[in-house]
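Some notes on the structure that comes next.
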Amino acid sequence: QVQLVESGGGLVQPGGSLRLSCAASGTRLFVMGWYRQAPGKQREMVATVNLHRTTNYRDSVKGRFTISRDNALNTVTLQMNSLKPEDTAVYYCYGSTPGQSWGQGTQVTVSS
């Protein structure tokens, strides 16, 4: 069974930056990425990256967020710049083998 352990997150002012990291134990994941869920909303994809480092972003974060992975260490990182209040959510690390695995979630709050 794959375990995903997240780190990072916290409170930041609008326009600020945060970095989320996720380490996977167990088998190598074909796709790794980040989803988020704001209060009262459905969980949504933020960014994903596969073993070949092909990336996919939701439109609202393009140009502001960058996802990267280290296949040797089985980790994925999300660098978030120019954060907006609407980015506030619980962010979940995701992995697929293709069976899905999820991290426990980390809170990101963008507020002045």
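The values are calculated or read from the model by the stated rules, or taken from the named source; none is laboratory data. Quick caveat, the model's predicted, so the values are computed rather than measured. Neighbour counts are summed over all protein chains in view; Cβ atoms, including those assigned to glycine, are modelled from backbone coordinates with ideal geometry. All accessible areas refer to the heavy atoms of the entire protein, side chains included, with ligands and DNA or RNA removed. Shrake-Rupley method; radii C 1.70, N 1.55, O 1.52, S 1.80 Å.
Inside region 85-104, can you point out the residues that are open to solvent by less than 40 Å² (accessible area, probe 1.4 Å) and of a type in the set (A, V, I, L, M, F, W, C)? Those that are open to solvent by less than 40 Å² (accessible area, probe 1.4 Å) and of a type in the set (A, V, I, L, M, F, W, C): Ala89, Val90, Cys93. Determine whether Gln107 is open to solvent by 60 Å² or more (accessible area, probe 1.4 Å), within 12 Å of the chain's Cα centre (by Cα), modelled with pLDDT of 95 or more and under 16 Å from Ser7 (Cα atoms). So Gln107 passes the test.
Quick check: is even one residue across region 56-69 of a type in the set (Lys, Arg), farther than 14 Å from Tyr94 by Cα and in a strand (DSSP E or B)? Walk me through it before giving the result.
First, the residues of region 56-69 that are of a type in the set (Lys, Arg): 58, 62, 64, 69.
Remaining after also requiring farther than 14 Å from Tyr94 by Cα: 58, 62, 64.
Keeping just the survivors that are in a strand (DSSP E or B) gives none.
No; the residues of region 56-69 include none that is of a type in the set (Lys, Arg), farther than 14 Å from Tyr94 by Cα and in a strand (DSSP E or B).
In region 38-51, the residues that are touching a residue at least 40 places away in the same chain (Cβ under 8 Å) never reach a residue that is open to solvent by 50 Å² or more (accessible area, probe 1.4 Å) and small (Gly, Ala, Ser) with C-beta atoms less than 7 angstrom apart, at least six apart or across chains. Within region 31-84, the residues that satisfy the criterion of being more than 11 Å from the chain's Cα centre (by Cα), surrounded by 15 or more Cβ atoms within 10 Å (Cβ to Cβ) and among the hydrophobic types (A, V, I, L, M, F, W, C) are Val31, Val61, Leu83.
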